[in-house]
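Quick notes on the structure that follows.
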Ligand SMILES: Nc1ncnc2c1ncn2[C@@H]1O[C@H](COP(=O)(O)OP(=O)(O)O)[C@@H](O)[C@H]1O
Ligand SMILES: [Mg+2]
């Protein structure tokens, strides 16, 4: 079977929130965007412009209020909650600014977590997690608690967790936002290799133009809309 050439397609996507008694907030408005398999896309824009909302929609973490979203060939607009969870678990790896690791669990347990959800046997998931730890240069940290690691190391653990289920699409929301310059460069090197060597489709939200420059395409957002698409 030929893999679908489109990783994520958004057609006329709007997401509104009801904010208490106030008027509804339009977080993203009428977005049309096509991310092809193997693309490397950066999303930039001021705080509140809808970047995280857009990324969460692309990762099946949320549903649009209007419009259509197709992830790796599946229209999620009408998918059941079970189907949505299944897409998140098999198609998407998410990486966040604040790492979102479980602090009381060890590094290796954090990385294995997506495979626990999938029901992969312990021996097999341990082997896969150890291989990733090795590749990301943090093998010696396997049994430490996540919180004991530096920011750059924690983000590498989070990337390993995103990768362990071998999803075709990696979505990162300000992945270097809390990191030093040298940790930023290390994480960027890893993200670049995910795209270039492993062929992952990569979408990175960032405030940092030096980070965005690594992408093939930069999508600029303002007030919930795409205002410019820059090709590298
Ligand atoms: N869960 C929510 N409830 C209400 N409003 C929200 C929610 N999430 C985001 N928003 C609003 O939607 C807009 C876009 O937010 P967001 O996508 O987080 O922007 P960015 O990531 O670019 O900073 C903002 O006005 C924000 O306040
Ligand atoms: Mg955000």
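Structure data summary
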| quantity | calculated |
| --- | --- |
| Nearest 10 degrees, 0 to 90: helix 151-163 Cα axis against the chain principal axis | 80 degrees |
| Sites residue 120 and residue 150 - FRET efficiency at Förster radius 35 Å, r taken between beta-carbons, to 0.05 | 0.75 |
| Pair-distance profile P(r), taking every C-alpha pair of the chain, with 10 angstrom steps and integer % | 8, 32, 36, 20, 4, 0 |
| Where labels lie 7 Å past Cα in the beta-carbon direction, separation of residue 185 and residue 216 in nm | 2.6 nm |
| By average C-beta atoms within 10 angstrom, highest first, the peptides 42-52, 20-30, 133-143 | 42-52, 133-143, 20-30 |
| Most to least packed among 183-193, 203-213 [average Cβ atoms within 10 Å] | 203-213, 183-193 |
| Per-q log10 I(q)/I(0), region 1-64, q = 0.17 Å⁻¹ (Debye; single scatterer per alpha-carbon; no solvent) | -0.65 |
| Nearest-0.05 FRET efficiency for residue 229 and residue 139, computed from C-beta distance (R0 41 Å) | 0.55 |
| Folded to 0 to 90 degrees: helix 107-118 orientation relative to the chain principal axis, Cα | 60 degrees |
| Rounded to 5, percent antiparallel among DSSP beta bridges of the chain | 55 percent |
| Rg(Cα)/(2.2 N^0.38 Å) for region 62-196, N = residue count | 1.09 |
| Length released on extending from residue 82 to residue 19, taking residue separation times 0.36 nm less the Cα-Cα span | 20.0 nm |
| Cα-based helix-to-principal-axis angle, 122-135 vs the chain, degrees rounded to 10 | 80 degrees |
| Separation in nanometres of the label points that stand 7 Å from Cα toward Cβ, at residue 197 and residue 166 | 1.7 nm |
| Relative contact order of the chain, pairs being alpha-carbon contacts under 8 Å that are 6 or more residues apart, as % | 28 percent |
| Nitroxide proxy distance, nm - points 7 Å out along Cα→Cβ at residue 65 and residue 90 | 3.2 nm |
| Extension gain from residue 34 to residue 178, taking 0.36 nm per residue of separation minus the Cα-Cα distance | 49.0 nm |
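No value in this document is a laboratory result; all are computed from the given coordinates. Here the structure is a predicted model, which means the values were calculated and not measured. Note that each Cβ is placed from the backbone with ideal geometry, even for glycine, and that neighbours are counted across all protein chains shown.
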